[in-house]
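Worksheet: one structure, shown below.
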Amino acid sequence: MAKQAKSRGVTKANFPTREEILAFIRDATGKVGKREIAKAFQIKGSDRRELRELLSEMQDDGLLAGNRKEIRRAGALPPVTILELIEFDDDGYLIGEPTAWDSGEGPKPKVLVELQSSPSRGASRSTSTDDTAAIGDRILARLTELDDDADETYRYTAKIIRRLQREKRRLLGIFQAHEKGGGTVRSVDRKSARDLIVQSGDDKDATDGDLVRFEMIRQGRLHVERARISEVLGNPKAQQQISLIAIHSHGIPEDFPATVLQELQQLPAIDLAGRTDLRNIPLITIDPADARDHDDAVHAQTDDDATNPGGWLVTVAIADVAHYVPPSSRLDREAQKRGNSVYFPDRVVPMLPEEISNDLCSLRELEERPCLAVRMQFDKSGTKKGHTFHRAVMRSAAKLSYEDAQAAFDGRPSDKAALLLENTLKPLMGAYKALSSARQRRSPLELELPERRIKLDQSGQVDRVVVPERLDAHRLIEEFMIQANVAAAESLEKAKCPLIYRAHDQPSKEKLKSLRVFLDSLGLKLPQQATLRPDAFNRILQTTKELPVKDLVSEVVLRSQSQAEYTTENYGHFGLNLRRYAHFTSPIRRYADLTVHRALIRALKLGPIEAGNDPAEELAGVAEHISGTERRAMAAERETVDRLIAHYLSDRVGAEFAGRISGVTGSGLFIRLDETGADGFVPASTLDDDYYHFIENLHAMVGDRNNLAFRLGDQVEVRLVEAIPIAGALRFEMLSKGKKQHLSLSKGWRGRTPSRGRPRRRR
């Protein structure tokens, strides 16, 4: 147990009390991490280890939550926070939820919002007598914590400081025209997919089926809401581009400004002076069959160094985007704003104009291209002995698809691959086997979740949903890219050059606790150590490999992990089990990689580029921004897939499907269909054979009388009762009965109904 003292100032042998740490976190105005706590209490040197132990104990005891970067009181909300107003309760009070919340701590706490003019008890839940806030609004609010025994539903009350401007991305919908003028608009947001009246004159000449941006208008004494069209964005169905909804919904920049395109007329030619000539090395690209750009090429050969018997030399060449996109240019500023390319089934929204991404920086077969190459030396066991970076010029010897390369590895080469087999493909596989051996010793997190791929027909509609086979050709390229990324981080650290890392923190204690409860329900055990390594999760995954729940366990393990991010602070990559890692291999589509390329060119003096390093504080801002654009892209891509599948299934309403319960909440069950991987919802209110209670720690809904349960991972049969394509939403009816799973409600559960009385403040 760490030693404790009463005062803020401490000596080597004395530490603050738990109460002092909690008070410091409570009163802090910004983020608090271990570093800030150590600084505040003057804890230095080896004493930091005792501080870590104390903080770990407090997390184990449920007093603290968070990770090494941010620590807070467990389950607590800050006194001033942003809430999203989600519903009225049964007594007519407006309810909000925090916009930022770690799902590992359970469901978001509900906050009762005090309106300037509160509705009378029993008032309609669709109206409010306060015109300052409504469902869907985001507010900045001051919270007051309630007594522990005051109310079982709410932990806080809130007073509105101000209503925040509605995000434009939330106010998008599909317009449906009426014959006599005007029409209705339905929001594309699945949380509020309802029809709003658009009066004649407010439709801005929108035609039936158009995607529109609209604003809310409240009229009359009852504040009835309607919509006014502010912008017509096009017709997704007519253009066979359902991704248009996600692009505008998330504010993803689509068209390049004219000033950016003008710079394309002044791009520099390749100057071979000072570049390493790699044109005689048979580098090849291996990509998806439908790839439009090729930003990486690979080559391997046996090492003829007598001190490295059985070793390998691996070269990874990456398109030299920095040659065409100088710092602070309009091209650079636009690329930084976009952060990354966004990939939809029907289109790509690129980070850079196609003249660069699909032409000048695409490593096309038999065409000369500038590149940044890393040459790595591995011993026969796959351990890296050293590496060097080169600014070079190359000529791709061939372009192969993953399937072409795999067929050649399996002894069935095409005519084209047969010419490359002995001198190019076999050495690549030999080097990969050595690197694969090293990977097994490193034991990164081995999560192989099935990935849905949408195949469209010529009209842009869904033809089928497939799960591509995972090939050794995929793994080969992946491992070569990982090693190149590690080499980039190592070189920049050695040069003491600021850089943007790709970091992945270890799972938080809250998420591990939730994962252990779930695994316990399946008879599986996760070690109780304070710090786990990836192989602990791998053993769980291996145990369930032959079980029906293997995909579910993989997904729950994935949910327990922290989210990878870009940061100037190196705290390693937990999933890959690497101490340092930076993205280097895709500067065409990721701005982080472009910053790493520039840093390498400067630090290693590989050629002319703007003098000086990017300041660390400037890179920190860039890292935060591009982490956000990455999350935006992921959300947009996922929503588009959901909408496409909802379109695909919309003519099968009434059909029955097999699926698994992929989520359990108090409001219902999430179902993932076996056939397409589509996700849909069964509202708890439709489970009409009993009244079901949500038991969070069991991931189950249990019947009040029949004691039957629906649990996470259960195989079920459902009927599709509604598909809302524009929202990507599916609603199911449960056909299966709950199962006897030796679950039962405690005595206190039966007959208990939540109190709706006015809660008391904490004193």
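With segment 643-723 as the region, which strands (runs of 3 or more DSSP E) entirely inside it contain at least 3 residues that are open to solvent by 20 Å² or more (accessible area, probe 1.4 Å) and aliphatic (A, V, I, L, M)?
none
Is it true that some residue in segment 565-587 is aliphatic (A, V, I, L, M) and in a strand (DSSP E or B)?
Looking through segment 565-587, at least one residue is aliphatic (A, V, I, L, M) and in a strand (DSSP E or B).
Could you go through segment 246-258 and let me know if any residue there is touching a Leu at 6+ places or on another chain (Cβ under 7 Å) and surrounded by 15 or more Cβ atoms within 10 Å (Cβ to Cβ).
Taking segment 246-258 first, the residues touching a Leu at 6+ places or on another chain (Cβ under 7 Å) are 248-249.
Right, trim to surrounded by 15 or more Cβ atoms within 10 Å (Cβ to Cβ) and you get 248-249.
Within segment 246-258, one or more residues are touching a Leu at 6+ places or on another chain (Cβ under 7 Å) and surrounded by 15 or more Cβ atoms within 10 Å (Cβ to Cβ).
Yes or no, residue by residue, for (1) open to solvent by 10 Å² or more (accessible area, probe 1.4 Å); (2) in a loop (DSSP other than H, G, I, E, B); (3) aliphatic (A, V, I, L, M); (4) at pLDDT 95 or above:
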| residue | (1), (2), (3), (4) |
| --- | --- |
| 464 | yes, no, no, no |
| 470 | yes, yes, no, no |
| 506 | yes, yes, no, no |
| 518 | no, no, no, no |
| 525 | yes, yes, no, no |
| 530 | yes, yes, yes, no |
| 541 | yes, no, yes, no |
| 545 | yes, yes, no, no |
| 551 | yes, no, no, no |
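Within segment 265-280, does at least one residue satisfy the condition of being open to solvent by less than 30 Å² (accessible area, probe 1.4 Å), in contact (Cβ under 8 Å) with a residue 12 or more places away in the chain and touching an Asp or Glu at 6+ places or on another chain (Cβ under 8 Å)?
No; the residues of segment 265-280 include none that is open to solvent by less than 30 Å² (accessible area, probe 1.4 Å), in contact (Cβ under 8 Å) with a residue 12 or more places away in the chain and touching an Asp or Glu at 6+ places or on another chain (Cβ under 8 Å).
Out of segment 645-664, which residues are β-branched (Val, Ile, Thr) and within 21 Å of the chain's Cα centre (by Cα)?
645, 664
Looking at residue 645, is it touching a Phe, Trp or Tyr at 6+ places or on another chain (Cβ under 8 Å), closer than 30 Å to residue 725 by Cα and of a type outside the set (Asp, Glu)? Talk me through it step by step, then tell me what you get.
Values: touching a Phe, Trp or Tyr at 6+ places or on another chain (Cβ under 8 Å): no; closer than 30 Å to residue 725 by Cα: yes; of a type outside the set (Asp, Glu): yes.
When the stated conditions are applied, residue 645 does not pass them.
Quickly run through segment 270-289 and pick out the residues that are at pLDDT 90 or above and out of contact with any helix residue (DSSP H, G or I) (no Cβ under 8 Å at 6 or more places or on another chain).
275, 276, 277, 278, 279, 280, 281, 283, 285
Among the candidates 501, 581, which residue alone is under 30 Å from residue 372 (Cα atoms) and in contact with a Ser or Thr (Cβ under 8 Å, 6 or more places away or on another chain)?
The unique qualifying residue is 501.
Need a quick list: strands (runs of 3 or more DSSP E) entirely within segment 222-306 having at least 1 residues that are over 30 Å from residue 433 (Cβ atoms).
224-234
If you scan segment 474-497, which residues turn out to be open to solvent by 20 Å² or more (accessible area, probe 1.4 Å) and not in a helix (DSSP H, G or I)?
Selection gives 495, 496.
Out of the residues in segment 724-757 meeting the condition of being open to solvent by less than 50 Å² (accessible area, probe 1.4 Å) and assigned to a loop (DSSP other than H, G, I, E, B), tell me which one is modelled with the highest pLDDT.
The residue in question is 736.
The values are calculated or read from the model by the stated rules, or taken from the named source; none is laboratory data. None of the values given here were measured: they were computed from a predicted structure. Every residue, glycine among them, receives a Cβ derived from its backbone with ideal geometry; neighbour counts consider all protein chains shown. The accessibility values were calculated without ligands, DNA or RNA, using every heavy atom of the protein model including side chains. Shrake-Rupley method; radii C 1.70, N 1.55, O 1.52, S 1.80 Å.
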